[in-house]
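For reference, the structure is listed below as structure tokens.
The values are calculated or read from the model by the stated rules, or taken from the named source; none is laboratory data. Quick caveat: nothing in here was measured; it's all calculated off a predicted structure. Note that we place each Cβ from the backbone using ideal geometry, even for glycine, and neighbour counts take in every protein chain shown.
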Amino acid sequence: MLKVENVTKYYGDFLAVDKLSFTVKPGEIFGLLGVNGAGKTTTFRMIMGLLDSDSGSVTLNGKPIDYSQTDYIGFLTEERSLLTKMTVREQCLFFGTLKGMSREKIIERLQYLLDKFEIPEYIDKKIKELSKGNQQKIQFITAVLNEPKLLILDEPFAGLDPFNVEMFKKEIIEMAEKGSMIIFSTHRMDHVELFCKKLVVLLRGKTVISGYLSDIKEQYRKKNILIKADITKKKLEKIDGVTEVIEKADEFEVKIEDKNKVKNVFDVISKTKNVTKFVVEEPSLNEIFIAKVGENYEK
Amino acid sequence: MRSKLNYLISISLNRKIKTKWFVAANVILCLIIIGLINIDSIITAFGGDFNQTQKVYVIDNTEHSFDLFKEQLKISSQAVNQSEESSYELIKYDKTIEDAKKMLEEEEKNLSMVVVFDKSEENVLDVQVITKEYMDMIDTQLVNNAINNTKVALAIYESDISMEDINKIYSPANIERVYLDEDKNSQDENMEIIMTTVFPIIILPFFMLSIFLIQMIGAEVNDEKTTRGMEIIISNVSPKTHFFAKVIAGNLFVLLQGLLLVIFGSLGLFIRKLIGNNNIVNGITNEVGSMISDLLKNGFGDKLIYIVPLTLLLMILTFIAYSLLAGILASMTTNIEDFQQLQTPIMIISLVGYYLAMMAGVFEGATFIKVLSYVPFISAILCPSLLVLGQIGIIDVFVSMILIIITNYLLIKYGLRIYKVGILNYSSAGLWKKMFKALKN
């Protein structure tokens, strides 16, 4: 299990990460979210031991992470971290050997992964000759080459088309099913909703949301109601507890301030004719993120 | 971790050696070195009038000038060519100046000259030197010198001094050197003159290799930094391992390159021996050859037994110092352009050492140069030079070695702290503050 406990990091007087805590168990996919400069990359660097924290601790299976454990960790950085003058084979041999893998094992894994990502013909191409998307694939391959127990992915989907995003997602889910602990950061909330059970949202180094996704949504009092009925926007806006009404093509999206206010809306709608839809929805993570980060931004 | 260190060293070396540019650069270096060693043979291979004797037609209107001039020209020619053979053939010309001019004009090559000696009431001797075209510099100097000596000799002769006595006057004096200091001898004195010329040639490869070393480490560290490959590398091996891998690989590379330069030089000498070395071009090649043989004659071979190992050891220690410094500076920079600016002062320091080594023979006993010979980074250039010249002793060389070992220890101890922070730093903002903070930690 990866345990990050009360980790704090300052750059001079600037607080980059403030008392951050979370755990990731084998088989879990953990999301680290935040706007630019929130402290995500600093957190990853502290987990990888590239930066020392000012206080707090990071342990993997009860031991502080050091170079005796890095062979079991995979790391994909936000920026391209490939030696572009090397060929794909040379690059993978280089990083794979640094992970303590044998040459034969590296080549075997590389060929398997290149086939899986449908780019076997690039094995002897120089990295600088590849497109941005294919470079990202190679970077991902170098991160998972050693079948890591802990996989850290900093913005893994950057620069990828939807088709390749699907490929990556499939591979990440597969690795989690095999028991890897996976942490990743992204700006795309839909990706987090798709496969993260747990997450932390950072804002200027401080934790603003933390926990299981289902609990976070549950705790978030605001709900959305989708309505199809013979009713006007004005009438909906007058209901107690309604904060916003969005008129769509053939329905209304009604946002309420608290789930207890659903009854108020239902009472009005039940007296209306031609009701064909009344669905109470959990808010999207994107909404929660904007709401929470927005609140804290103002503070 | 040791296997990862070995792997990083092999990767660094392969990235440098297994490239077509390394092969191409060494092929070019090999050709240049072999060419320089055999430059005289190359020049003669393309043809020219190198072996032709210059004919000097003398119209002597003074009776005695021909014999005196012949003797003086022979002495001058032998001194320059370091050979018993004179490259001039003197012919007494009995016809008129006009006939002589006509003869020169009819010649296809510019290989003859006419020298006309006339008596002068005011100046003892009036002389005309007639050639078809320009004379070369050496001929001009030799002939002018011989003419001036002829004038003096003629004046002496006319003062009723016999020709035998005149020759005695012009023969070199027997000089016996006496040294009150028992440690001094004529061998060292000769060596001083010889080393002033030869040493810069011997030390040049060291200067060249230290620049190769600095550039190699700087380029590699910056390549890994700018591509962010460094993050993955440092997440798998410690900065210490990475630092030592770069230093060791850099030093192995320069040692290999140095060895290749020695092989190229030996190959050049072998080819020179093979083709027989008909030394036709007078000047540099002759001078260097004779200087080396003089060095060996003067007991330089005995001195080599301790000078070579000491010099090599000092050079290796200095290479290590340069590589440590290059690694530290490269970690502080964020791109190769910044590093190139930082490496300029190091190169200038090395260049200063090189020039001081050349001047050591001229400014004998200069305290300034002697003190600088202890200074790490330039001691490897200065110490061997001063040791050969007898200006410092073996103990001074050992002091220089101890100083460079201490420098290397300090560079490792404090430089590693900077390296750890520097290699993952991508911003030049507050750089010095970060580095000083790293030093304190």
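Listing for the model above:
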{"item": "Residue tally, condition facing another protein chain (nearest Cβ under 10 Å), β-branched (Val, Ile, Thr) and assigned to a helix (DSSP H, G or I), over region B:228-265", "result": "4"}
{"item": "Residue list for region B:1-38, restricted to those being assigned to a helix (DSSP H, G or I), loosely packed, with under 14 Cβ neighbours inside 10 Å and of a type in the set (Val, Ile, Thr)", "result": "B:VAL23, B:VAL27, B:ILE28, B:ILE32"}
{"item": "Residue in region B:318-325 that is touching a Ser or Thr at 6+ places or on another chain (Cβ under 8 Å), within 18 Å of B:ILE203 (Cβ to Cβ), modelled with pLDDT under 85 and among the β-branched types (Val, Ile, Thr) present", "result": "no"}
{"item": "Members of region A:208-232 that are crowded, with 18+ Cβ neighbours inside 10 Å and assigned to a strand (DSSP E or B)", "result": "A:VAL208, A:ILE209, A:LYS223, A:ILE225, A:ILE227"}
{"item": "Qualifying position, being of a type in the set (S, T, N, Q), within 12 Å of chain B (Cβ to nearest Cβ) and within 18 Å of the chain's Cα centre (by Cα), among A:THR41, A:THR70", "result": "A:THR41"}
{"item": "Looking only at region B:332-344, and only at residues there that are part of a helix (DSSP H, G or I) and not aliphatic (A, V, I, L, M), the one that is surrounded by the most Cβ atoms within 10 Å (Cβ to Cβ)", "result": "B:PHE339"}
{"item": "In region A:75-95, the residues that are in contact (Cβ under 8 Å) with a residue 40 or more places away in the chain, under 25 Å from the mean Cα position of the chain (by Cα) and facing chain B (nearest Cβ under 7 Å)", "result": "A:PHE75, A:THR77, A:ARG80, A:SER81, A:LEU82, A:PHE95"}
{"item": "Within region A:44-67, tally of residues that are β-branched (Val, Ile, Thr), within 12 Å of another protein chain (Cβ to nearest Cβ) and touching a helix residue (DSSP H, G or I) at 6+ places or on another chain (Cβ under 8 Å)", "result": "1"}
{"item": "Among (1) within 14 Å of another protein chain (Cβ to nearest Cβ); (2) free of Cβ contacts under 8 Å to residues at least 40 places away in the same chain; (3) within 15 Å of the chain's Cα centre (by Cα) - the single one A:TYR11 does not satisfy", "result": "(3)"}
{"item": "Any chance A:GLU104 is within 23 Å of B:ASN222 (Cβ to Cβ) and either among the hydroxyl-bearing types (Ser, Thr, Tyr) or without any contact (Cβ under 8 Å) to a residue 24 or more places away in the chain (or both)", "result": "no"}
{"item": "Filtered residues of region B:207-227 (kept if surrounded by 18 or more Cβ atoms within 10 Å (Cβ to Cβ), of a type outside the set (Asp, Glu) and within 14 Å of another protein chain (Cβ to nearest Cβ))", "result": "B:VAL221, B:ASN222, B:LYS225, B:THR227"}
{"item": "Filtered residues of region A:168-215 (kept if of a type in the set (Lys, Arg) and farther than 17 Å from A:LYS40 by Cα)", "result": "A:LYS169, A:LYS170, A:LYS178, A:LYS197"}
{"item": "Only one of B:LEU382, B:LEU410, B:LEU356, B:LEU329 that is of a type outside the set (Asp, Glu), surrounded by fewer than 20 Cβ atoms within 10 Å (Cβ to Cβ) and on the phi < 0 side of the Ramachandran plot", "result": "B:LEU410"}
{"item": "Some residue of region B:146-154 being touching a residue at least 60 places away in the same chain (Cβ under 8 Å) and small (Gly, Ala, Ser)", "result": "yes"}
{"item": "Boolean, B:ILE404 is under 23 Å from the mean Cα position of the chain (by Cα), crowded, with 19+ Cβ neighbours inside 10 Å and in a helix (DSSP H, G or I)", "result": "no"}
{"item": "Pair list, Cβ < 6 Å and 6+ apart or interchain, from region A:162-176 residues that are within 16 Å of A:THR186 (Cβ to Cβ) to residues that are aromatic (Phe, Trp, Tyr)", "result": "A:VAL165/A:PHE157; A:ILE173/A:PHE195"}
